[in-house]
Amino acid sequence: MKKILALILALALAVTAFACAAPAAAPAATEAPVEAAATEAPAEPVVEEGFNPASEVTLNFPCIWVGTDSKAAVFGEMVTAFNTEYAGRAKVVIEEQTDYQAYRDKIRTMLSAGQAPDLFSVDGTFKLADLAGSGKLMDFTPYLTDSDWSALYNDGALADATVDGKIIAIPFESAVFGIYYNTELLANAGYTEFPKTYDELFTMADALKAQGVIAFPLMTGENAWSSMLWYSQILLAIGGPDVYKNGLDDPAFVQAAEVLKKMFDYTSSDAVGAGAAVVNGHFLNFEAAVYTNGPWFLPRFAKEGINDLGTKVKFALPPEYVGGKGTYGGLAGTVQAYLCAGVQTDADKAAAVVEFYKFINQPEWLYKLAESSGAMFAVKLESNTNDIQVKQDLLAAANSAPYIVKHFNDSMPTAIGNALPAALDELVLGTVDAQGFVDLLKAAGQ
Amino acid sequence: MKPTKKDRLGMALFMTPALVLFVLFFLIPVCYVLIVSLFQWNGMSAASFVGVKNYFTIWKDPVFRRSVLNNVIWALVAACVQVPLSVLMALILNRKPRGWKFFRTVYFFPQVISGIALAMLWSAMYNSEYGLINGFLHLIGKGELAINWLGTLNTALPALLIYWVFYIGYYMVIVMSDLSGVDRDFYEAAEIDGASKIQQAWFISLPMVKSSILTCMTLAAVMGLRQFEQVYLLTNGGPANRTSTMVLYLYKQIQNTRYGPANAASVMLICVGVIVILGIRALFQIERKRRK
């Protein structure tokens, strides 16, 4: 008996020692299917003309644009201005969230528990279809259809936020990804202009390598961000704007992987396993010549680069692939953040949500936010001469781009995007070829 | 003396609060993990029952199988290398050589430093461009040996293990505290009988602290099986998932919003943990019976 008791206790102890990883909320086995959840959601309240609630409405906003975030200062001003203008009618209470992953986990957990925050934002790691499946998101369609508000947005922005005919999110921050190069390092290698084709790019990379310069700072650690952006650009150059329509079966994915692998011949020795800090460090420290990232990074060239880097960086369009389906000038882009809201049963609260989102999407505020953070927005904005030159060049390129297509991670299911770093390791370390790389991605998506 | 009814009631009353907390915060979550592992669920939409499919799915995944293997390697290295090293240091320092207090502090010091800080430190040490190890190799004219230690298939896991295996202070202190309770008379008697220092350590010290060593081995194996922070921070499972562990695997499944496979991996981790712990206990039982 004693032995049995001892065994039971030992087992219980072992079990508790290893108990972990439980998500915060349970899916009830008897939970209604998605369709039912959607139909059970309360009918959207109709907002009256003008906003005069019976009493002050409080909206809770778990917000990531706080603390040291590049948008924190101006975004804070925007919220304060809203609270001042709507004093006695509406008040937005910011709940500070400084860690992106923790923020994502929080939103996901709250949605799964049926407690969507009044206001929140989601980034590209969320798939809007999944969010819609929760049945907990406010439908903005009635407020945006044929309204002045919808006229503010770039073409296609609202369509991207539409799932099953409902606009379930307001596109907020967007981005296009240009190529940036160090003019001094290129000049030392005998180049005054950035190459226009990938063949020319690799010839230039040879010249840079001969000078002991890292041509392309790349990474396979974290989410393999810079490598993923290059892969997206190469995919567009080879497969054209429709490259994602046939999924990973399009031969462009294999061809692009071959080009990407070749780029690793011209990168730093720490690229395998490197994170964004390593890549950024190489470019900011004058060790690497060609760089790609979103517009939010552009102010850092001047702020953090050595040897007066800010004045030596120029914008370039991604190269063309000879024989590819892409058009020179086509760019990869993304919607960096969508604004969402929990389903509201109270008409006043729904109206307050709409008022707040309209308020923070006013172009005058967005100009200020863009200047302070380098960010771009889904709302159409005129070119701003206060912006740094590379940002102005990027905006001009975006405005004249024949197409802007979402980058690889945005265009693929989450699991495939998350499998990219490991598949890239295999490709770069030579354990698989380009076809094997694509096969690994396919396997991750199954 | 058998406990009376009153004694039993008293014991039950004292045990109840801990039992309630244990059930609320351990047993119920474990049951929950077990239930969720039988569902397909993305964390937002409704879950659908899939039975044991998630278990087959993860077992077919070579990354999961490699993670299990890596965890077993971690546990074995912890139990068979880290703990013996700790015991050796404890035996040496227990003889109180000159400066033993200094060395005890030095060996224990890493335990009070954040694991994140240590991981960052070692990440910098291993870096191929500006790391200390490659810098030293270049300094002594062996630059051709300089590699990306954490980014090469053959060196990534050993590099992680080497960094971790030398943090022996925690187990060393446990064994030292047990050694300090060993009666000095045993050693004096052994010395009179002509036993050498090594014989004294082997035939007196080690048998007397066997329970501490078992505790250390169990703790070390558990820590090995739960490896996450170091791997996540230093390699994130790379290169090419070669250093992935089970906890990291399930974390990545959660990131992929695949809660069913994530929880199936949790259940498998529990099973592997139970097997390893029972294995260690069984080894000591066999040894005890053999001595009898």
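The values are calculated or read from the model by the stated rules, or taken from the named source; none is laboratory data. Predicted model, so just to flag it, every value in this text is computed and none were measured. Quick reminder, even Gly has a Cβ in these numbers, built from the backbone with ideal geometry, and neighbours come from all protein chains shown.
Okay, residues lined up against (1) in a helix (DSSP H, G or I); (2) modelled with pLDDT of 95 or more; (3) touching a helix residue (DSSP H, G or I) at 6+ places or on another chain (Cβ under 7 Å):
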| residue | (1), (2), (3) |
| --- | --- |
| A:Asn409 | yes, no, yes |
| A:Leu420 | yes, yes, yes |
| A:Leu427 | yes, yes, yes |
| A:Phe437 | yes, yes, yes |
| A:Ala443 | yes, no, no |
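Within the set of pairs 6 or more residues apart or between chains, which connect a residue that is farther than 18 Å from A:Asn246 by Cβ inside the range A:426-445 to a residue that is charged (D, E, K, R) and not in a loop (DSSP other than H, G, I, E, B) with Cβ atoms less than 6 Å apart?
Close Cβ pairs satisfying both conditions: A:Leu427/A:Lys261; A:Val432/A:Glu426.
Would the range A:389-412 turn up any residue that is of a type in the set (Phe, Trp, Tyr), closer than 23 Å to A:Tyr291 by Cα and more than 14 Å from every other protein chain (Cβ to nearest Cβ)?
Of the residues in the range A:389-412, the ones of a type in the set (Phe, Trp, Tyr) are A:403, A:408.
Remaining after also requiring closer than 23 Å to A:Tyr291 by Cα: A:403, A:408.
Okay, now just the ones that are also more than 14 Å from every other protein chain (Cβ to nearest Cβ), so A:403, A:408.
Yes, the range A:389-412 has at least one match.
Going by what's in this entry, would B:Leu234 be described as within 14 Å of chain A (Cβ to nearest Cβ), of a type in the set (A, V, I, L, M) and in contact (Cβ under 8 Å) with a residue 40 or more places away in the chain?
Working: within 14 Å of chain A (Cβ to nearest Cβ): yes; of a type in the set (A, V, I, L, M): yes; in contact (Cβ under 8 Å) with a residue 40 or more places away in the chain: yes.
Yes: the conditions hold for B:Leu234.
Has the range B:216-224 got at least one residue that is surrounded by 19 or more Cβ atoms within 10 Å (Cβ to Cβ), hydroxyl-bearing (Ser, Thr, Tyr) and within 14 Å of chain A (Cβ to nearest Cβ)?
Yes: the range B:216-224 contains one or more residues that are surrounded by 19 or more Cβ atoms within 10 Å (Cβ to Cβ), hydroxyl-bearing (Ser, Thr, Tyr) and within 14 Å of chain A (Cβ to nearest Cβ).
Do we find that A:Thr197 is assigned by TED's automatic domain parsing to the domain that holds A:Gly281, surrounded by fewer than 21 Cβ atoms within 10 Å (Cβ to Cβ) and touching a strand residue (DSSP E or B) at 6+ places or on another chain (Cβ under 6 Å) in this structure?
Working: assigned by TED's automatic domain parsing to the domain that holds A:Gly281: yes; surrounded by fewer than 21 Cβ atoms within 10 Å (Cβ to Cβ): yes; touching a strand residue (DSSP E or B) at 6+ places or on another chain (Cβ under 6 Å): yes.
The answer is yes for A:Thr197.
Taking the range B:5-48 as the region of interest, how many residues are among the aromatic types (Phe, Trp, Tyr) and within 7 Å of another protein chain (Cβ to nearest Cβ)?
Initial filter on the range B:5-48 (among the aromatic types (Phe, Trp, Tyr)): B:14, B:22, B:25-26, B:32, B:39, B:41.
Narrowing the set further to residues that are within 7 Å of another protein chain (Cβ to nearest Cβ) leaves B:26, B:32, B:39, B:41.
Within the range B:5-48, residues that are among the aromatic types (Phe, Trp, Tyr) and within 7 Å of another protein chain (Cβ to nearest Cβ) number 4.
Does the range A:91-101 include one or more residues that are touching a residue at least 12 places away in the same chain (Cβ under 8 Å), within 14 Å of chain B (Cβ to nearest Cβ), on the phi < 0 side of the Ramachandran plot and out of contact with any strand residue (DSSP E or B) (no Cβ under 7 Å at 6 or more places or on another chain)? Break it down into steps so the answer makes sense when it comes.
Residues of the range A:91-101 touching a residue at least 12 places away in the same chain (Cβ under 8 Å): A:91-98, A:100.
In the following step, the residues that additionally are within 14 Å of chain B (Cβ to nearest Cβ) were identified as A:100.
Narrowing further to those that are on the phi < 0 side of the Ramachandran plot: A:100.
Keeping just the survivors that are out of contact with any strand residue (DSSP E or B) (no Cβ under 7 Å at 6 or more places or on another chain) gives A:100.
Within the range A:91-101 (the criterion being touching a residue at least 12 places away in the same chain (Cβ under 8 Å), within 14 Å of chain B (Cβ to nearest Cβ), on the phi < 0 side of the Ramachandran plot and out of contact with any strand residue (DSSP E or B) (no Cβ under 7 Å at 6 or more places or on another chain)), the answer is yes, since at least one residue qualifies.
Out of all the residues in the range A:86-124, which are in a helix (DSSP H, G or I), of a type in the set (Ser, Thr, Tyr), surrounded by 13 or more Cβ atoms within 10 Å (Cβ to Cβ) and within 21 Å of the chain's Cα centre (by Cα)?
Of all residues in the range A:86-124, those in a helix (DSSP H, G or I) come to A:100-112.
Then keep just the ones that are of a type in the set (Ser, Thr, Tyr); that gives A:100, A:103, A:109, A:112.
Retained after the next criterion (residues that are surrounded by 13 or more Cβ atoms within 10 Å (Cβ to Cβ)): A:103, A:109, A:112.
Scanning the range A:86-124 gives A:Tyr103, A:Thr109.
Any residue in the range B:89-100 that is surrounded by 16 or more Cβ atoms within 10 Å (Cβ to Cβ), within 18 Å of B:Ile162 (Cα to Cα) and either modelled with pLDDT of 90 or more or not charged (D, E, K, R) (or both)?
Initially, the range B:89-100 is screened for residues surrounded by 16 or more Cβ atoms within 10 Å (Cβ to Cβ), giving B:89-91, B:93-94.
Among the residues that remain, those that are also within 18 Å of B:Ile162 (Cα to Cα) are: B:89.
Those still in the list that are either modelled with pLDDT of 90 or more or not charged (D, E, K, R) (or both) too: B:89.
Scanning the range B:89-100, I find at least one residue that is surrounded by 16 or more Cβ atoms within 10 Å (Cβ to Cβ), within 18 Å of B:Ile162 (Cα to Cα) and either modelled with pLDDT of 90 or more or not charged (D, E, K, R) (or both), so the answer is yes.
So if I check each of B:Leu161, B:Leu153, B:Leu179, which one is surrounded by 14 or more Cβ atoms within 10 Å (Cβ to Cβ) and within 13 Å of chain A (Cβ to nearest Cβ)?
Working: B:Leu161 fails: within 13 Å of chain A (Cβ to nearest Cβ); B:Leu179 fails: within 13 Å of chain A (Cβ to nearest Cβ).
Residue meeting the stated conditions: B:Leu153.
Identify the single condition in (1) farther than 15 Å from A:Gly221 by Cα; (2) crowded, with 18+ Cβ neighbours inside 10 Å that B:Gly279 does not satisfy, given that it satisfies every other one.
For B:Gly279, the exception is condition (2).
Can you name the residue in the range B:237-272 that is facing chain A (nearest Cβ under 9 Å), buried (at least 24 other Cβ atoms within 10 Å of the Cβ) and over 30 Å from B:Ser45 (Cβ atoms) and, of all such residues, is modelled with the lowest pLDDT?
Once the filter is applied, the top-ranked residue is B:Gly238.
Checking B:Met172 against (1) surrounded by 20 or more Cβ atoms within 10 Å (Cβ to Cβ); (2) under 18 Å from the mean Cα position of the chain (by Cα); (3) at pLDDT 90 or above; (4) within 12 Å of chain A (Cβ to nearest Cβ), which test does it fail?
(4)
Give the range B:257-292 a look and list any residue that's within 16 Å of B:Lys53 (Cβ to Cβ) and among the basic types (Lys, Arg), or say none.
B:Arg258
Among the numbered criteria (1) at pLDDT below 90; (2) surrounded by fewer than 17 Cβ atoms within 10 Å (Cβ to Cβ); (3) over 30 Å from A:Asp130 (Cβ atoms); (4) away from every other protein chain (no Cβ under 12 Å), which single criterion is violated by B:Met208?
(1)
Here are some residues: A:Gly281, A:Gly294, A:Gly240. Which one is over 21 Å from A:Val432 (Cβ atoms) and within 13 Å of chain B (Cβ to nearest Cβ)? I'd like the intermediate steps shown before the answer.
Details: A:Gly294 fails: within 13 Å of chain B (Cβ to nearest Cβ); A:Gly240 fails: within 13 Å of chain B (Cβ to nearest Cβ).
Going through A:Gly281, A:Gly294, A:Gly240 in turn, just one is over 21 Å from A:Val432 (Cβ atoms) and within 13 Å of chain B (Cβ to nearest Cβ): A:Gly281.
Which numbered condition in (1) without any contact (Cβ under 8 Å) to a residue 40 or more places away in the chain; (2) buried (at least 21 other Cβ atoms within 10 Å of the Cβ); (3) within 14 Å of chain B (Cβ to nearest Cβ) is the only one that A:Ala370 fails?
Against the list (1) without any contact (Cβ under 8 Å) to a residue 40 or more places away in the chain; (2) buried (at least 21 other Cβ atoms within 10 Å of the Cβ); (3) within 14 Å of chain B (Cβ to nearest Cβ), A:Ala370 comes up short only on (3).
Quick check, is B:Ala146 at pLDDT 90 or above and touching a Lys or Arg at 6+ places or on another chain (Cβ under 9 Å)? Spell out how you get there, then give the answer.
Details: at pLDDT 90 or above: yes; touching a Lys or Arg at 6+ places or on another chain (Cβ under 9 Å): no.
In short, no.
Exactly one condition in (1) touching a strand residue (DSSP E or B) at 6+ places or on another chain (Cβ under 8 Å); (2) crowded, with 21+ Cβ neighbours inside 10 Å is false for A:Gly221; which is it?
Going through (1) touching a strand residue (DSSP E or B) at 6+ places or on another chain (Cβ under 8 Å); (2) crowded, with 21+ Cβ neighbours inside 10 Å one by one, A:Gly221 breaks only (1).
Among the residues of the range B:56-72, what is the count of those that are within 18 Å of the chain's Cα centre (by Cα) and surrounded by 15 or more Cβ atoms within 10 Å (Cβ to Cβ)?
Applying the first criterion (within 18 Å of the chain's Cα centre (by Cα)) to the range B:56-72 yields B:66-72.
With the extra rule that they be surrounded by 15 or more Cβ atoms within 10 Å (Cβ to Cβ), the set shrinks to B:66-68, B:70-72.
Selection size over the range B:56-72: 6.
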